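Accompanying notes for the structure given below.
The values are calculated or read from the model by the stated rules, or taken from the named source; none is laboratory data. What you are looking at is a predicted structure, and each value in this text was computed from that prediction instead of being measured. Backbone-built Cβ (ideal geometry, glycine too); neighbour counts: all protein chains shown.
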């Protein structure tokens, strides 16, 4: 009885796996077709696409802090702006350096240079541009800084 039950689940899991593969392929093909790129992809592109599909099929963990965080200075994520200081500012400066290559001194002082880098990051990420680091900016910063291929923009 158990074997029959397990066999009935297999097609569903297989369909879900195929669905993920098709979504990944569509997500990769759409920008290429919109950019007017040639329809035939090179062997290198096919390998990269296969790697992306493989990553999508494996469960992953979103890293926001901790031993795997590229900037493991503090767990604190307060709202920051010009005049803020301390470990959370150093964390944000580290994230900005990793995410967009801001070249900031990680000195823990949120001044005009850090504000300018924050605005540049917010604009690049397509989020509200206010030069302050609140919940939305923290979320994007931690994700982008820890993403393979950083820095972006």
Quiz prompt | the stretch 110-119, residues that are over 14 Å from residue 95 (Cβ atoms) and assigned to a loop (DSSP other than H, G, I, E, B) | solution = 111
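Picking from 127, 70, which residue would you name as being under 24 Å from residue 149 (Cα atoms), modelled with pLDDT under 95 and in a loop (DSSP other than H, G, I, E, B)?
70
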Quiz item: Only one residue in 122, 136, 91 is surrounded by fewer than 17 Cβ atoms within 10 Å (Cβ to Cβ), free of Cβ contacts under 8 Å to residues at least 24 places away in the same chain and either assigned to a helix (DSSP H, G or I) or in contact with a strand residue (DSSP E or B) (Cβ under 6 Å, 6 or more places away or on another chain) (or both), so which one is that?
Solution: 136
Quiz prompt | Given (1) in a helix (DSSP H, G or I); (2) crowded, with 20+ Cβ neighbours inside 10 Å, index of the condition residue 143 fails | solution = (2)
